[in-house]
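Some notes on the structure that comes next.
The values are calculated or read from the model by the stated rules, or taken from the named source; none is laboratory data. In this text the structure is predicted, and so the values were computed from the model without any measurement. All Cβ positions, even for glycine, are placed from backbone atoms using ideal geometry, and neighbour counts span all protein chains on display.
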Amino acid sequence: MLTPEPYFRRIDLDLIYPPFLMAALETIDECLKAGATYSAQSGFRDFAAQNRLYAQGRTTPGHIITKAHGGESAHNFGLAIDFVRNLSPDPEHVIPDWKESDYNTLGAAAKAHQLAWGGDFADPDRPHIQWLTYISKDDLAPLRALHQLKWEGDLQWLHRIWAEIDRRRAEAAAVA
């Protein structure tokens with residue numbers, strides 16, 4: 001198993017749901033073994049940052065890059081990471097490759113570790129992987145309700161949400 005550095009250097013690992021982070025690390029390790037290097041580019045985003053991305057290309061300059069408002073993205077709960085295929089032999093220096101086919105290794109590895117891959121979405125987002133249970137904004141609605149649509153500034157809300165995710169996972173496992 002690889003260590004998070006340097007492939008995850010650009011994101012705050014403390015803001016990623018721990019079981020998802022472990023699966024993401026295993027995914028990237030598998031990709032490296034297959035000869036494909038990916039570097040994490042975006043992990044957790046608070047609701048305000050998500051809303052700024054949503055405004056891009058709509059009410060602010062730039063291209064539209066997301067369909068999700070704050071609270072409608074798995075990124076807002078530490079349940080998603082966007083990667084870039086890195087052509088540089090030095091993981092500290094990223095030379096991005098955006099060819100669609102170069103994300104197939106990421107997709108196959110993510111799915112092998114029970115993660116959702118954005119390449120399978122109706123509007124494909126090939127650099128994106130996320131926790132499988134919370135895909136749509138409807139799936140995320142209970143987490144938004146827990147968040148109460150406000151940023152508390154101290155991240156305790158994020159840990160409460162993760163505890164709820166863990167509770168629901170344990171409940172589902174007990175039923176199965």
Is region 39-52 home to any residue that is modelled with pLDDT under 95, more than 18 Å from residue 165 (Cβ to Cβ), part of a loop (DSSP other than H, G, I, E, B) and of a type in the set (A, V, I, L, M)?
-> no
The one condition in (1) closer than 17 Å to residue 43 by Cα; (2) buried (at least 17 other Cβ atoms within 10 Å of the Cβ) that residue 147 fails to fulfil = (1)
Scan region 10-33 and give yes if some residue there is farther than 29 Å from residue 170 by Cα, crowded, with 16+ Cβ neighbours inside 10 Å, within 15 Å of the chain's Cα centre (by Cα) and of a type outside the set (D, E, K, R), otherwise no.
-> no
Would you check if there is a residue in region 98-112 being of a type in the set (A, V, I, L, M), surrounded by fewer than 13 Cβ atoms within 10 Å (Cβ to Cβ) and within 21 Å of residue 26 (Cβ to Cβ)?
-> yes
Test residue 122 against the criterion of being more than 13 Å from the chain's Cα centre (by Cα) and under 30 Å from residue 161 (Cβ atoms), and give yes or no.
-> yes
Do we find that residue 105 is of a type in the set (Ser, Thr, Tyr) and either at pLDDT below 95 or within 13 Å of the chain's Cα centre (by Cα) (or both) in this structure?
-> no
